[in-house]
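Just so it is clear, none of the values below were taken in a lab; they were calculated from the coordinates. Quick caveat: nothing in here was measured; it's all calculated off a predicted structure. Glycine also receives a Cβ, built like all others from the backbone with ideal geometry; neighbour counts cover every protein chain displayed.
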């Protein structure tokens, strides 16, 4: 939004003996930039703010925690299946491994995977969708059909097959990241494409063309920046989605493999823990997964509300 | 309307054919029927291995194999031959599909009905306590790992069963090994086995759809035609349902159809927890038994199912929204 | 000066709005959308309410129909045929809406429900207040379509809104408003969203509607041309309050409030043989969130003096009964043209720091004080 010419914008509400200058009297509401508006609206969303705090705490726990908690996640002690207590606040598992450090490492791993997947899939998806929507016609149809192809097959099946094929490489995380990226990019592409379709009708695009801007410039300098709100929201929600999907894949044995760890893997290895009488091994990593997904979902929702220009929240 | 349907149908076919080629490539490269034979002890001779390769058709070029498979399917109605003994792919797949469909349809019904009720109510009573409560619960459901929750649910069910001394919740398989006779008792038996898996799977769908419905309803509630309907002097009830809901349901129908693929993935996981012998087991088995034709058949059927659901969504949209019919 | 309506001022009083205020609570504070509106609508007359966006004209009419959001705080009195509408139960309001008071909205593209046929939506309006068999309702619907000028009504009644053009859709909305012979029709910017060529057709339908039903009409618009052709009396609103009201001839030929003068001066005129710049009103309307004391038009008014910043002017009678203006210096405006008061300028809408009657180039400086004129 263009800012007002007269910037003597003050909150002068006073009626004094000498009338204030007309300039400041005319503008009695503060001018705000878009970024300020978004931040302000986000701050008003209490659940999102609280979730952001909790999420930051979890991140600190995962990455700073190991510096403070000296027990190694691969150290097999003699205390097998101890309940949460003293030296092992989260208890230990069948190999005597301390669950607290295992959870820290697992959280690190899960978060890193999720963030990488989110960044890559959203970037690729956004550009793909923007290009597709911008060119329209046959290009658009074919591109979107290809994207649909990815959505047609249950990703579980694809993951299982790819894993089967690349058995040797499966121990590296790259395969998992590739599979998860393949799952999430079409969603981003669709949303951004829809936005671009409506944006490209607007006059400022016509103006850019009239000034001789090339296609690439229009897409990257004019269209995509205006979809920034959606991109941010999508990438946030993809992080949550990735964590949950990774859990599912680990359960089927096709996600993270030893020696890597993740929260999903922890839950999978301990799935009989409840009947076995050591429920903490199953609950605690699960609670962490829920916590991360929940806080991110709330933050994403808060961001979505903050970016939406039509939202009018009335304090009744 | 008819023209529109036929056109959409014809558009779907090339997509389907293209997909089959892609998946054939994927399957051919990742599922090798030779796998169990390559690691046999004592090792098989080169001649034996070669004759196996011929038997499995691996000596033919890739495109030839694809063509053979495609013609076999279209002209002779066969899914190919399984590497497993006495295994008729079509028949087994049919059983598996029927079992999984029970789960999927049950889930869609429950999740959809709940989602519409909650979505509409929270939109009308926006920012009320009910709205906040259901939103919070909805978020929780969206953040639950399906399998984690399924295990939990199973444990609770077993505990309830034990404490009440009944066998109300059946946690294993999709039906009892010795099912009762008669239609109604069989239905009841099936239902008892169905409860937990449906609850597990429906939670996630319900959460997503109810939020979607709420957003859609809110948009409709603010529209001009709602205002005009009120200005005509119509009762609030009529305005809400005849004018509001009628429009607000349209986007949800498309969304449900689109979510079907994801639902199938969820079904695979859920089935595994509850030991159902459905599509999930079929697929995992086929991979483990290195049975490429079965895997192909599975992927084809799921692809067709999803394409059909998408087609239904499009048609439903056209039925509900007259503006689309011109497109 | 022509006397448009000989019965002016003598009909039965249908709608009386007294001291209406509407406030909306928002995240940034209270928005005072309407700050004290009074008017009376009599049978057979057309009242034009004129103002720019944000002047409160639409909000005051929505208040009459009871269609404001629940969060709105409404005070004052709105009586229809003597019965107080504010605070009336939804059930009673339902009976009034569409039957005795009808409303036409601004955007014809979104006013009609896209999934139902036109006939259905018309019949719905009829059947909501009349116990008629379906076929009678349908007949009446076809009749109504014919009255508003839709060609081939018997065929088009089964079509969907998207098969109609904007102007046609608005005529359907007018038909819906007419359906039950209302006593009052409120038309909220009925032609704003339409092309000028279509506007004439829609206004014609509106005139027909008024004639057929004998209803009194409130015509809300920002277009002075529309008002001139249709209205008997005019109410000019600015920043949530009426600033001038009177017969249409009084307002157009003898405006007594600088804002009205400015509005008229900014219109291009075909009948004047001058090749001169238009006289715009510079600046923009104030925010209704935080109104400073005094006259809200002060920052843009060339006549403004200290008094204007301290005290908000009340509506006072000018030299004609029925003609009221809210300006401390309305006497100064008698007989003035717009370009004698406002500076002709092609500048940006932003207000220059020094703006007032001291600007050079203005023909005829208005420096007479009130006392001098009174003498």
Review point. What's the average, rounded to a whole number, of partner chain beta-carbon atoms within 10 Å of each residue's beta-carbon in C:102-115?
Key: 5
Exercise for review: Sorted from largest down, give the three principal axis spans of the alpha carbons of segment C:13-238, whole angstrom values.
Suggested key: 50, 39, 38
Exercise for review: Report the label-to-label distance for residue C:52 and residue A:95 in nanometres (one decimal), using points 7 Å from each Cα along the Cα→Cβ vector.
Suggested key: 7.4
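Provide C:284, B:275 in ascending order of the number of other Cβ atoms located within 10 Å of each residue's Cβ, fewest first. Can you show the working numbers first?
Details: C:284 16, B:275 13.
Ordered from fewest to most neighbouring Cβ atoms within 10 Å, C:284, B:275 come out as B:275, C:284.
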Practice item. Mind putting together the pair-distance distribution for segment A:103-257? All Cα pairs, 5 Å bins, whole percent per bin, short to long. Key: 2, 9, 17, 18, 16, 12, 9, 7, 4, 3, 1, 0
Review point. Can you work out the FRET efficiency for the pair residue A:33 and residue A:213, with r the C-beta to C-beta distance and R0 = 30 Å, to the nearest 0.05?
Key: 0.75
Revision key, fill the gap. Projected onto their principal axes, the Cα atoms of chain B stretch, largest extent first, over whole-Å spans of 86, 60, 39
Point to revise | Residues of segment B:291-319 with amide N under 16 Å of the 7 Å Cα→Cβ point at residue B:76 | key: B:293-294, B:297
**Study point:** Rel. contact order, % - alpha carbon contacts under 8 angstrom, at least six apart, segment C:13-238
**Key:** 29
Point to revise | Size of segment B:20-150 as Cα extents on the principal axes (Å, biggest first) | key: 76, 38, 27
Revision key, fill the gap. The simple spin-label model distance between residue B:161 and residue A:56, using points 7 Å out along Cα→Cβ, in nm, is 4.8
Review point. Which whole number gives the average count of other chain Cβ atoms within 10 Å of the Cβ atoms across peptide B:261-274?
Key: 4
Practice item. Express in nm, to one decimal, how much length is gained between residue A:64 and residue A:77 on full extension, taking 0.36 nm for each residue of separation and deducting their alpha carbon distance. Key: 2.4 nm
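Neighbour counts of other C-beta atoms within 10 Å: give me A:71, B:260 arranged from fewest to most.
A:71, B:260
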Point to revise | Efficiency of FRET between residue C:195 and residue A:221 - r from beta-carbon atoms, R0 51 angstrom, step 0.05 | key: 0.90
Practice item. Obtain the nm distance between the two label points defined at residue B:34 and residue B:109 by a simple spin-label model: each point lies 7 Å from its Cα along the Cα-to-C-beta direction. Key: 5.0
Check your understanding: What 222 nm value per residue comes from the helices of chain C, counting each DSSP H run with n ≥ 4 as -39,500 (n - 2.57) and dividing by all residues, nearest 500 deg cm²/dmol?
Key -> -8500 deg cm²/dmol
Review point. Is it possible to state the helix-based mean residue ellipticity at 222 nm for chain B, with each DSSP H run of 4+ residues giving -39500 (n - 2.57), the sum divided by total residues, to the nearest 500 deg cm²/dmol? What is it?
Key: -25000 deg cm²/dmol
Point to revise | residue C:13/residue B:128 FRET efficiency (R0 45 Å; Cβ-Cβ; nearest 0.05) | key: 0.65
Check your understanding: With N residues in segment A:79-149, what two-decimal value do you get for its Cα radius of gyration over 2.2 N^0.38 Å?
Key -> 2.05
Exercise for review: Mark the label point 7 Å from the Cα of residue B:25 along Cα→Cβ and return the residues of segment A:137-158 whose backbone N is within less than 15 Å of it.
Suggested key: A:146-147, A:149-150
Check your understanding: With contacts defined as alpha carbon pairs under 8 Å and 6 or more residues apart, what's the relative contact order of chain B in percent?
Key -> 29
Review point. Going 7 Å from the Cα of residue C:267 in the Cα-to-Cβ direction, what parts of segment C:307-334 have a backbone nitrogen less than 20 Å from that spot?
Key: C:323-326, C:333-334
Revision key, fill the gap. Fraction of alpha-carbon pairs in the protein assembly as shown farther than 54 Å apart, rounded to whole percent, equals 33
**Study point:** Cβ neighbours within 10 Å from other chains - mean over B:291-302
**Key:** 1
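Regarding segment B:99-166, what whole-number volume in Å³ per residue does the convex hull of its Cα atoms give?
129
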Review point. Which order results if C:241, B:40 are arranged by neighbouring Cβ count within 10 Å, fewest first?
Key: B:40, C:241
**Study point:** All-pairs alpha carbon distance profile, segment C:175-222, 10 Å steps from 0, percent
**Key:** 27, 56, 17
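In whole Å and largest first, what semi-axes does the C-alpha gyration tensor of segment C:152-253 yield when each eigenvalue is scaled by 5 and square-rooted?
Values for segment C:152-253, descending: 28, 15, 12 Å.
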